[in-house]
Amino acid sequence: MWILNILKVKKKKEDMGFEMLMRLKPVEMWILLLLRLAGGELCCKTKIMKLLFLVEKVYGVTGAKFKPYKYGPWSKDVEEALKRLKKLDLVEEEALNKPPEGPEHTGAEYVYRLTEKGRETAEKIPVRDMGWEYPYIRAKTFIDWDVRELTRYIYINYPEYASESVIRDKVLS
């Protein structure tokens, strides 16, 4: 009898993971996937923004809309997705002191990490079934790039997104 109860609890727990997955928007799923690709954490929001921009621009799968901004492409959709993922306890954010020679952005630097719940949810995302397999594999190319490399790549290949940049000349020199 106790074995049946354990199986019921396990089944409910698995269903909860899929139920959570069904509540997520594509951009939220992509944040989880990128964090998963990076081994569970990414530093910083600027890097997440740049990675999502490239995945969206090249493959059109995140559903996030980007516009030119002070440090290149920016998206309100990504900002809101990060807030929601934190609220759902799928991602945690930790503020760090910005290193003097750190990435090209201002303010505090944040590390974003998958929580245990976030890791379990990310593993349930059916990348193949959603047609995201190729973009997911290609995103691995950019995961190890730092923010400066990503920004430079974007400014060269998508110069219209550097139009509002306050660091364009420094990045391209």
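Computed values, structure above
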| item | result |
| --- | --- |
| Residue identified as under 18 Å from residue 158 (Cα atoms), open to solvent by 50 Å² or more (accessible area, probe 1.4 Å) and more than 15 Å from the chain's Cα centre (by Cα) among 67, 124, 87 | 67 |
| In the stretch 29-40, the residues that are of a type outside the set (A, V, I, L, M) and touching an Asp or Glu at 6+ places or on another chain (Cβ under 9 Å) | 30, 36 |
| Test: residue in the stretch 35-49 that is over 13 Å from the mean Cα position of the chain (by Cα) and touching a residue at least 60 places away in the same chain (Cβ under 8 Å) | no |
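The values are calculated or read from the model by the stated rules, or taken from the named source; none is laboratory data. None of these values were measured; they are calculated from a predicted model. Please note: Cβ atoms are built from the backbone with ideal geometry, for glycine as well, and neighbour counts cover all protein chains shown. Protein only, heavy atoms only, side chains kept; ligands, DNA and RNA dropped before computing areas. Shrake-Rupley method; radii C 1.70, N 1.55, O 1.52, S 1.80 Å.
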